[in-house]
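Written out below as structure tokens is the structure these notes cover.
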Amino acid sequence: MQKSLNFSLIDQINRLKKRNNAIILAHNYQVGEVQNLADYVGDSLGLSQKAAKSDADIIVFCGVQFMAETASILCPDKMVLMPEITAGCPMANMISAERLRTLKNKHPKATVVCYVNTTAEIKAESNICCTSSNAVKVVESIKKSEIIFVPDQYLAHYVSTKTEKKIIPWIGFCPTHIKILPEHILKQKKLHPKAKVMVHPECTPPVIALADEVVSTGGMIRYAKESNTREIIVGTEVGILHRLRKENLTKKFYPASESAICPNMKKTTLEKILWSLEDLK
Ligand code: 13P
Ligand code: SF4
């Protein structure tokens, strides 16, 4: 029953998508059926690049607010729809433009690098924007030696271990990634001694210290596909396991922690995608 319901929902979505010349983009943390429906599934960088290059008139963005907002900044002539407008990123809301201006006044010589997980207002106060997959490269591309890095203290810390530059972090964090603890990794390593460990750079330094690979969600998809490793412990939001398992049928993936769930990433459903395309809202 549920299956046939979904089939007709998917049919209706696809019909409206065609009629409106729309494209559906989904982040790697979206629920499985949204990932399966999307034209493209990826990390923040890949999604931004896809949005910028797309010749669709409408982008249906299945992710969180900063991602849809970034797509809108990159494609001002396109309509960007968010099926669930309240899907926010708590980390992005841990900094305000006013507080960033105060920090900038304290460090007038510093260049401001903002993680893409920020509001448009924060991006407007920054010199350059990065994602987790290019943060080190972006920081290294800057001539000045002092960098204000906002809003994730842990990504800032990870970057600081890869550069000689002085990093001044904003003390924000991802409430989902800090749920992954070193003991979770150690427990999984004990259960699966042959497994490699990949973690997201939003994890805390003691978790990162236990990892073989520190990568964005897109980097995780690539590593899983390209490495010879048959078993991988995954230190990030659990939604990515759907894609990892779907694309690597002979490999085994173990979540570092089953409780690493981003509730905002789970708010988008097939029904909401349909309503969004019906009402163009
Ligand atoms: P990625 O760019 O690695 O997909 O990260 C997005 C995000 O929100 C991680 O929490
Ligand atoms: Fe924000 Fe963390 Fe959710 Fe990513 S996983 S959207 S950083 S709260």
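The values are calculated or read from the model by the stated rules, or taken from the named source; none is laboratory data. This one's a predicted model, so the numbers in the text were calculated from it and none came from an experiment. Here the Cβ positions follow ideal geometry from the backbone for every residue, glycine too, while neighbour counts run over all protein chains shown. The area values use the complete protein model at the heavy-atom level, side chains included, leaving out ligands, DNA and RNA. Shrake-Rupley method; radii C 1.70, N 1.55, O 1.52, S 1.80 Å.
With only alpha-carbon atoms in the gyration tensor, what are the semi-axes of the equivalent ellipsoid for region 16-154, in Å, largest first? Walk me through the intermediate numbers first.
Details: eigenvalues 180, 41, 37 Å².
For region 16-154, the ellipsoid semi-axes come out as 30, 14, 14 Å.
Place a +1 charge on the Cβ of each Lys and Arg in the chain and a -1 charge on the Cβ of each Asp and Glu, then give the dipole magnitude about the Cα centre in debye, rounded to the nearest 20.
With Lys and Arg at +1 and Asp and Glu at -1, about 620 debye.
Counting each DSSP H run of 4 or more residues in the chain as -39500 (n - 2.57), what helix-only mean residue ellipticity at 222 nm follows after dividing by all residues, to the nearest 500 deg cm²/dmol?
-11500 deg cm²/dmol
What is region 52-114's relative contact order, in percent, from Cα pairs under 8 angstrom and six or more apart in sequence?
Normalised by residue count, the contact order of region 52-114 is 29 percent.
Taking 0.36 nm per intervening residue step and subtracting the Cα-Cα distance, what contour gain separates K106 from I128 on full extension?
6.0 nm
Can you pull the one-decimal nm distance between simple spin-label points at R99 and L280, each 7 Å off the Cα toward Cβ?
Here the answer is 3.9 nm between the modelled labels.
Over the chain, what is the relative contact order in percent, taking alpha-carbon pairs closer than 8 angstrom and at least six residues apart?
20 percent
Once you place label points 7 Å from the Cα toward the Cβ at K162 and K143, how far apart are they in nm?
2.4 nm
Once R0 is set to 22 Å, what does the formula 1/(1 + (r/R0)^6) return for the Cβ-Cβ distance between E271 and D57, expressed as a FRET efficiency to the nearest 0.05?
Result of the calculation: an efficiency of 0.45.
Say a paramagnetic label sat at a point 7 Å from the Cα of A209, along Cα to Cβ; which residues of region 171-191 have their backbone N under 11 Å from it?
Output list for this probe position: 182.
Below 8 Å, C-alpha to C-alpha, sequence gap of six or more: please give me the relative contact order for region 215-281 in percent.
This gives 29 percent for region 215-281.
In region 174-229, what GluC sites (Glu not before Pro) fall in a loop by DSSP, with at most 12 other Cβ atoms inside 10 Å?
Passing both the DSSP loop test and the Cβ count: no residue.
Could you estimate the translational diffusion coefficient of the chain from the Stokes-Einstein equation, with Rh from the Kirkwood formula over C-alpha pairs, at 37 °C and 0.692 mPa s, in whole µm²/s?
Numbers: Rh = 19.6 Å.
Rounded to a whole number, D works out at 168 µm²/s.
Within region 198-281, list the chymotrypsin sites (Phe, Trp or Tyr not before Pro) lying in a DSSP loop whose Cβ has at most 14 other Cβ atoms in a 10 Å radius.
none
Would you mind telling me the share, in percent, of accessible area of the chain contributed by carbon and sulfur at probe 1.4 angstrom?
53 percent
With label points built 7 Å along Cα→Cβ from the Cα atoms of E183 and K18, find their separation and express it in nm.
That separation, rounded to one decimal, is 5.5 nm.
Positive end of the dipole of region 45-127, charges at C-beta (+1 Lys, Arg; -1 Asp, Glu), about the Cα centre: which of Q65, M94, L45 has its Cα farthest in that direction?
So the residue furthest toward the plus end is M94.
Counting other Cβ atoms within 10 Å, keep those with at most 11, restrict to DSSP loop, and tell me which trypsin sites (Lys or Arg not before Pro) in region 136-212 are left.
On the way: sites: K137, K143, K144, K162, K165, K166, K179, K187, K189, K190, K194, K196; in loops: K143, K144, K162, K165, K194.
Filter output for region 136-212: K143, K144, K194.
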